[in-house]
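What follows is a single structure, written as structure tokens, with notes after it.
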Amino acid sequence: MPMKRRTFLSGLGASTFTITGVSTATAGRDDEVVDVADVDNDKELPISAKGSMVHTFDPVHDDANELVGYIHQKHFFSDDVQERYGREVISFEPEYALKEWIPADELNGPDELPSHYQSLTDTTENTLVSVQRRTRRVIGLPNEHKQAHQHLSQRVEARTDIANDIPFYLYESEDDADGGGISARQAPVNLVWEDRDASSVNSAMENGWGADNDPWDNETIEDEIEDVIPGYEFGTRYAQDPETDNIYSHDYDIQKDDGDSCSFPYQDHWSQYHIRVFDFEDSTIGAFGNVHWDPCDHNQNPLGDTEPWEYEEARDQVEEFWSNYSITSVRDIWLGNTTGISAPGDTHDGWGIVIDG
């Protein structure tokens, strides 16, 4: 069965943090867009923060005490975050990883971490760790991300009939904040359904919708992982209603394998296309979300080369699915949301699709 989520927070526009400084511009497609700024900006914009990412992996065992996977948590240590928010580290919500995804014999024990990292990452003697240095993330509070949306939506190309009703980005939240604290840009919104809610989208794609489509039937990696890690779910992403201070978690995960079985040590797994779908209760549109391609290790191996999320290829897969039905129309929409996403920039061109019908 598909996994249904709903997290709703309200009144999160205000902050106890003081915002000071001067903003700078970030280059857009043809002109300049001020949606990310320097650490000391006074425009209430999110910052492009430099730092190190500490990855921690805590073992998960089954009922027979066999290792089946890890709880993977990322901890972003940044002088920029310290300067602006008075926080040395942002610990993001943990995710699950199968044991095959993580090269345990190549990782370190917690004693290999510098002492100030150890004290702020809550490690145990069984924790495995890895440190990625010279990392950059777009970090901000809810009111800063909202301000960035307003700046970006002022672009002529982004002024469409629905641009003010949908967010441009999905966010990864700090742990325990449930979307309402400091968050980082993670992925671009690249799908919009004008007339369907998330449940209807999920139902249609799960069943193939009777138009010679291959079903996006959720019979893929998430179900397999749930067999060995009860309660497993893909990492939660959040989106902020551009017209209010409300923040939502995604409602459904819709996925299908891409037909390519992975090689050792992932031979029982598949790479896949994965959609996170959202509803906004007060929005005039139906649903929206992000689709991407997941590699065999879901990019959870910090020692491996991060593979592109193939946003454009995945978007084309969704467009093909819905274009196969005669009463559905699909059109392009320019959103310009290419700044600071967690992927090589050439895998997302700033365009999304709008599905009507």
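Quick grid of which residues meet (1) at pLDDT below 95; (2) open to solvent by 50 Å² or more (accessible area, probe 1.4 Å); (3) in the same structural domain as ALA163 (by the TED database); (4) over 27 Å from THR135 (Cα atoms):
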residue: ASP282; (1), (2), (3), (4): yes, yes, yes, yes
residue: GLY286; (1), (2), (3), (4): yes, no, yes, yes
residue: ASN290; (1), (2), (3), (4): no, no, yes, no
residue: ASP297; (1), (2), (3), (4): yes, no, yes, no
residue: GLN300; (1), (2), (3), (4): yes, no, yes, no
residue: GLY304; (1), (2), (3), (4): yes, no, yes, no
residue: GLU307; (1), (2), (3), (4): yes, yes, yes, no
residue: ASP316; (1), (2), (3), (4): no, yes, yes, yes
residue: GLU319; (1), (2), (3), (4): no, yes, yes, yes
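Is it fair to say ILE247 is touching a Phe, Trp or Tyr at 6+ places or on another chain (Cβ under 7 Å) and at pLDDT below 75? Criteria not met by ILE247. Residues that are farther than 26 Å from GLY336 by Cα, modelled with pLDDT under 90 and in contact with a strand residue (DSSP E or B) (Cβ under 8 Å, 6 or more places away or on another chain) occur at least once in region 68-78. Taken over region 196-241, the residue count meeting the criterion of being at pLDDT 65 or above, among the polar types (S, T, N, Q) and over 13 Å from VAL277 (Cα atoms) is 3. Looking at GLU95, GLU83, which one is in contact (Cβ under 8 Å) with a residue 24 or more places away in the chain, acidic (Asp, Glu) and out of contact with any strand residue (DSSP E or B) (no Cβ under 7 Å at 6 or more places or on another chain)? It is GLU83.
Against the criterion of being within 22 Å of the chain's Cα centre (by Cα) and among the hydroxyl-bearing types (Ser, Thr, Tyr), SER119 does not qualify. Take the conditions in contact with a strand residue (DSSP E or B) (Cβ under 9 Å, 6 or more places away or on another chain), more than 30 Å from PHE57 (Cα to Cα) and assigned to a strand (DSSP E or B) and apply them to ASP260. Does it pass? So ASP260 fails the test.
Please verify whether region 115-123 includes one or more residues that are of a type in the set (S, T, N, Q) and either touching a Phe, Trp or Tyr at 6+ places or on another chain (Cβ under 8 Å) or in the same structural domain as GLY336 (by the TED database) (or both). I'd like the intermediate steps shown before the answer.
Taking region 115-123 and keeping what is of a type in the set (S, T, N, Q), we get 115, 118-119, 121, 123.
If we keep only those that are either touching a Phe, Trp or Tyr at 6+ places or on another chain (Cβ under 8 Å) or in the same structural domain as GLY336 (by the TED database) (or both) as well, we get none.
No: zero hits.
Once region 52-69 is narrowed to residues that are in contact with a helix residue (DSSP H, G or I) (Cβ under 7 Å, 6 or more places away or on another chain) and within 20 Å of PRO302 (Cβ to Cβ), the residue that is surrounded by the fewest Cβ atoms within 10 Å (Cβ to Cβ) is LEU67.
The strands (runs of 3 or more DSSP E) located wholly in region 161-212 that include 2 or more residues which are within 30 Å of GLU88 (Cα to Cα) occupy 169-173, 183-188.
For region 78-137, enumerate the residues that are surrounded by 16 or more Cβ atoms within 10 Å (Cβ to Cβ), of a type in the set (Ser, Thr, Tyr) and in a loop (DSSP other than H, G, I, E, B). The answer is SER78, THR121, THR123, THR127. Scanning region 32-77 for residues that are basic (Lys, Arg) and assigned to a strand (DSSP E or B) gives LYS50, LYS74. Among the numbered criteria (1) in contact (Cβ under 8 Å) with a residue 60 or more places away in the chain; (2) assigned to a loop (DSSP other than H, G, I, E, B); (3) among the charged types (D, E, K, R), which single criterion is violated by ASP305? Looking at each condition in turn, ASP305 falls short on (1).
The values are calculated or read from the model by the stated rules, or taken from the named source; none is laboratory data. Since this is a predicted model, take the numbers as computed values, not measurements. Methodologically, a virtual Cβ is constructed for each residue, glycine included, from the backbone with ideal geometry; neighbour enumeration extends over all protein chains shown. SASA here: full protein model, heavy atoms, side chains in, ligands and nucleic acids out. Shrake-Rupley method; radii C 1.70, N 1.55, O 1.52, S 1.80 Å.
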